[in-house]
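Chemist: My questions all concern the structure below.
Read-outs throughout are calculated quantities, based only on the coordinates presented, and are distinct from any laboratory measurement. For clarity, every value in this text was computed on a predicted model and none was experimentally measured. Here the Cβ is made from the backbone with ideal geometry for all residues, glycine too, and neighbour counts use every protein chain on show.
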Amino acid sequence: MFITYNKVSSLGQKKVELFKRILGSSIGKNSKVTVDEIITKYTSEEEHYLMAKLAGNSVAGVIAYRLDGNAGFIDYIAVAKKYSRNGYGRSLVNHVFDQNSVQRVTLECGVESATFFEKVGFKVTEQFTDLTNQKKFRFERKVDKQVYF
């Protein structure tokens, strides 16, 4: 089940703290943005979405994405360690396609996440080095590239 951050916050402080901890794990070490800033942006700006994937009564993963016409952009995605390698990340990605009329979704990630995005149907469109001298990838997946397992 997917729920918005606002719904998570109605489930109590422990769920909010868990959501924030998982979201925080998706932020780069050198990032100048905070979890609270991300939450504020994605819960107040139009066409910005902040969702949680539940496993029973617990938050298993989170995704922050935005839409622009028929294009989607995943900015943050993370799954709690205890739920990793159980399809929750794939489910979060597929949610962007399933719940929106997007034709393609793009994202940027580091080396540590690249294999996951390739496994869920994304293709590398660019490799680059960011301002902190870290190797990064720009990925894209088109609507006909949905991968369900």
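Chemist: Could you tally the net charge around Met1, taking each other residue with its Cβ under 11 Å from the Cβ of Met1, Lys/Arg +1 and Asp/Glu -1? Numbers along the way, then the final one.
Modeler: Values: positive: Lys7, Lys53; negative: none.
Here the count lands on +2.
Chemist: Using only alpha carbon pairs under 8 Å that are at least six residues apart, calculate the relative contact order of segment 1-147 and give it in whole percent. Don't jump to the answer; show the numbers that get you there.
Modeler: Values: 241 pairs, mean separation 25.5, N = 147.
For segment 1-147, the relative contact order is 17 percent.
Chemist: Okay, moving on. For segment 2-103, what is the charge dipole size about the Cα centre, in debye to the nearest 20, if Lys and Arg each add +1 at the Cβ and Asp and Glu each add -1 at the Cβ? Walk me through the numbers before you get to the answer.
Modeler: Numbers: 14 positive and 9 negative charges, 140 e Å.
About 680 debye.
Chemist: Among Asp130, Asp75, Asp36, which one moves the most in a GNM of the chain with springs linking Cα atoms closer than 10 Å?
Modeler: Residue with maximal mean-square fluctuation among Asp130, Asp75, Asp36: Asp130.
Chemist: For every other residue with a beta carbon closer than 11 angstrom to the beta carbon of Thr106, add +1 if it is Lys or Arg and -1 if Asp or Glu, then tell me the sum.
Modeler: That works out to +1.
Chemist: Give the cross-link partners of Lys53 among the lysines, using a straight C-alpha distance below 22 Å as the criterion and excluding same-chain residues fewer than 8 apart.
Modeler: Hits, sequence-local ones excluded: Lys7, Lys14, Lys15, Lys20, Lys41, Lys81, Lys82, Lys119, Lys145.
Chemist: As a test of the definition: which semi-axes, in Å, follow for segment 2-103 when you take the square root of five times each eigenvalue of its alpha carbon gyration tensor? Largest first, please.
Modeler: 19, 16, 14
Chemist: Okay, moving on. Indicate the gyration tensor shape class of segment 47-140 (rounded, prolate or oblate), computed on the Cα atoms with a ≥ b ≥ c the square roots of the eigenvalues: a/c under 1.5 is rounded; otherwise a/b larger than b/c is prolate and the rest oblate. Could you put the intermediate results ahead of the total?
Modeler: On the way: a/c = 1.84, a/b = 1.23, b/c = 1.50.
It is oblate, given that a/c is not under 1.5 and a/b is not larger than b/c.
Chemist: Pulled fully out, how much extra length does the chain show between Phe2 and Ser58, if you take 0.36 nm times their separation in residues and subtract their Cα-Cα distance?
Modeler: On the way: separation 56, 0.36 × 56 = 20.16 nm, distance 1.13 nm.
Working it through step by step, the gained length comes to 19.0 nm.
Chemist: Counting only trypsin sites (Lys or Arg not before Pro) that sit in a DSSP loop (anything but H, G, I, E, B) with at most 11 other Cβ atoms within 10 Å, what is the longest stretch of the chain containing none of them? Present the calculation step by step, with values, prior to reporting the outcome.
Modeler: On the way: sites that count: Lys29, Lys32, Arg85.
In the chain, the maximal stretch lacking such sites is 86-149.
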